[in-house]
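**Student:** My structure is below; once you've seen it, I'll send some questions.
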Amino acid sequence: MADSDNERYHEWSPAEYMKYSNFRTQAAQGLIRRLADQFGEDYLPNVNTVIELGSGPGNSTAELARSCPNARIICVDRSDNMLVAAMEANLGPNVEFVQGDLEHYILEAGADLIFSTNALHWLRKDTRIEILQRMFKSLCPGGVLAVHMPDNVRQPAHDEMRATARITFMEWSDDFHDRELRFFREKLDVDPVGEAFIYHLALKKLEDAPIMSFQHWIDFPQYRFASTRDIVDWMKGAELRPYLDEISNDNIREAYLSEYESRLKAHYPTNTLLSTQKSFVAVREM
């Protein structure tokens, strides 16, 4: 998991994040399938070194370990809680764990595959470009950068996080008083991921790491929940966390969630979230 604001770090809860583990893991499964389709079924079993950035509690790492049984897999995450959960999953002797945030972690040079899902969207857009360039430059010749990022900042579930925080004369109003809650400059929410050509152009600028190919795609998975409260619980696992951490006590936090839930009901009458998921695979020249 990445951190979107170095000045304030929000610790993660593996239990909350993994409450809907089947939904959380779909991105890694889909990206792995794409790699197999693009490079052939023999590609992943013959990869030597994988670096997974923002590895979380080990759900995506487990998919990598199954698909790359012969690889050394280096998992990097900032969260102590997530790393402990991943280590407790006993993912095998070839899996290593390193604590580090994506903005400052020094990548080991020469990896065959750098893999990241559900992490890089937390970075501010300018930082995101810089780090993707650094990742690509660290690959071995012929190495692969495989990235997935959700891009849901314009979805109602995100709009209502901001709108609920903006309401005046509520118990939580003072907790958000000094925050800029404008649409694209919201410091608690993420920046939009943007279009794939932005990342393609950024990688093409790297004269010392020429790019051989770039493929991108967008998926629109639907997540069906039993109730609106389940949607709230899903959002608590990731996107809502920076908001909830701003609120001063548990009772006020629950009042905020109750108001947020009531506002979601009009948007999700069938309790189905539509997500936008953006991914790309970039290959460095031999």
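**Student:** Here's a check for you: in segment 195-228, which residue that is touching a residue at least 60 places away in the same chain (Cβ under 8 Å) and of a type in the set (Asp, Glu) is surrounded by the most Cβ atoms within 10 Å (Cβ to Cβ)?
**Tutor:** ASP219
**Student:** Would you be able to say whether some residue in segment 265-277 is within 30 Å of ARG134 (Cα to Cα), crowded, with 20+ Cβ neighbours inside 10 Å and polar (S, T, N, Q)?
**Tutor:** Within segment 265-277, one or more residues are within 30 Å of ARG134 (Cα to Cα), crowded, with 20+ Cβ neighbours inside 10 Å and polar (S, T, N, Q).
**Student:** May I pose another question? Can we say GLY110 is over 25 Å from GLY30 (Cβ atoms) and in contact with a Lys or Arg (Cβ under 7 Å, 6 or more places away or on another chain)?
**Tutor:** On the way: over 25 Å from GLY30 (Cβ atoms): yes; in contact with a Lys or Arg (Cβ under 7 Å, 6 or more places away or on another chain): no.
When the stated conditions are applied, GLY110 does not pass them.
**Student:** Being at pLDDT 95 or above and under 15 Å from GLN155 (Cβ atoms) is the requirement here; does TYR268 meet it? Quick ask: steps written out before the conclusion?
**Tutor:** Working: at pLDDT 95 or above: yes; under 15 Å from GLN155 (Cβ atoms): yes.
Judged against the criteria, TYR268 is a match.
**Student:** All but one of (1) among the small types (Gly, Ala, Ser); (2) modelled with pLDDT under 95; (3) within 17 Å of the chain's Cα centre (by Cα); (4) closer than 17 Å to ASN59 by Cβ hold for ALA89, so report the exception by its number.
**Tutor:** (3)
**Student:** Continuing with the same structure: Out of curiosity, is MET212 aliphatic (A, V, I, L, M), modelled with pLDDT of 95 or more and not in a helix (DSSP H, G or I)?
**Tutor:** yes
**Student:** What are the residue pairs meeting all of these: first residue in segment 169-180, first residue farther than 13 Å from ALA255 by Cβ and at pLDDT below 80, second residue charged (D, E, K, R) and assigned to a loop (DSSP other than H, G, I, E, B), Cβ atoms under 7 Å, and 6 or more apart or on different chains?
**Tutor:** ARG179/LYS187; GLU180/GLU186; GLU180/LYS187
**Student:** Still on this model: Out of HIS121, HIS104, HIS158, report the one residue that is under 18 Å from the mean Cα position of the chain (by Cα) and either free of Cβ contacts under 8 Å to residues at least 60 places away in the same chain or loosely packed, with under 14 Cβ neighbours inside 10 Å (or both). If you could, list the steps in order and put the result at the bottom.
**Tutor:** Numbers: HIS121 fails: either free of Cβ contacts under 8 Å to residues at least 60 places away in the same chain or loosely packed, with under 14 Cβ neighbours inside 10 Å (or both); HIS158 fails: either free of Cβ contacts under 8 Å to residues at least 60 places away in the same chain or loosely packed, with under 14 Cβ neighbours inside 10 Å (or both).
The match here is HIS104.
**Student:** From ARG128, ARG72, grab the single residue that is closer than 21 Å to PHE197 by Cβ, surrounded by 17 or more Cβ atoms within 10 Å (Cβ to Cβ) and not polar (S, T, N, Q).
**Tutor:** Working: ARG72 fails: closer than 21 Å to PHE197 by Cβ.
That would be ARG128, the only listed residue that is closer than 21 Å to PHE197 by Cβ, surrounded by 17 or more Cβ atoms within 10 Å (Cβ to Cβ) and not polar (S, T, N, Q).
**Student:** Starting from segment 267-286, take each residue that is within 18 Å of THR117 (Cα to Cα) and touching a residue at least 12 places away in the same chain (Cβ under 8 Å) and list its partners that are of a type in the set (Lys, Arg) and surrounded by fewer than 20 Cβ atoms within 10 Å (Cβ to Cβ), counting only C-beta distances under 9 angstrom and pairs at least six apart or across chains.
**Tutor:** THR276/ARG154; SER279/ARG34; VAL281/ARG34
**Student:** Can you find a residue that is within 17 Å of SER60 (Cα to Cα) and in contact with a helix residue (DSSP H, G or I) (Cβ under 6 Å, 6 or more places away or on another chain) anywhere in segment 122-131?
**Tutor:** no
**Student:** So ILE73 clears everything in (1) assigned to a strand (DSSP E or B); (2) touching a residue at least 40 places away in the same chain (Cβ under 8 Å); (3) among the hydrophobic types (A, V, I, L, M, F, W, C) except one condition, right? Which one?
**Tutor:** It is condition (2) that ILE73 fails.
**Student:** Let me ask another. If a residue has to be buried (at least 19 other Cβ atoms within 10 Å of the Cβ) and out of contact with any Leu (no Cβ under 8 Å at 6 or more places or on another chain) to count, how many in segment 242-259 make the cut?
**Tutor:** 1
**Student:** Return only the number of the condition from (1) farther than 23 Å from ILE167 by Cα; (2) in the same structural domain as ASP175 (by TED's automatic domain parsing) that GLU259 does not satisfy.
**Tutor:** Single failed check for GLU259: (1).
**Student:** If I go through segment 215-228 residue by residue, how many of them are touching a helix residue (DSSP H, G or I) at 6+ places or on another chain (Cβ under 9 Å), farther than 30 Å from SER138 by Cα and outside any loop (DSSP other than H, G, I, E, B)?
**Tutor:** 2
**Student:** Let me ask another. Scan segment 218-245 residue by residue and report those that are in contact with a Lys or Arg (Cβ under 7 Å, 6 or more places away or on another chain) and over 27 Å from GLN29 (Cα atoms). I'd like the intermediate steps shown before the answer.
**Tutor:** Within segment 218-245, the subset in contact with a Lys or Arg (Cβ under 7 Å, 6 or more places away or on another chain) is 218, 228, 233, 237, 244.
Listed by number, the list holds a single entry, LEU244.
The values are calculated or read from the model by the stated rules, or taken from the named source; none is laboratory data. All of these numbers come straight from a predicted model, not from anything done at the bench. Positions of Cβ are backbone-derived with ideal geometry, glycine not excepted, and every protein chain shown enters the neighbour counts.
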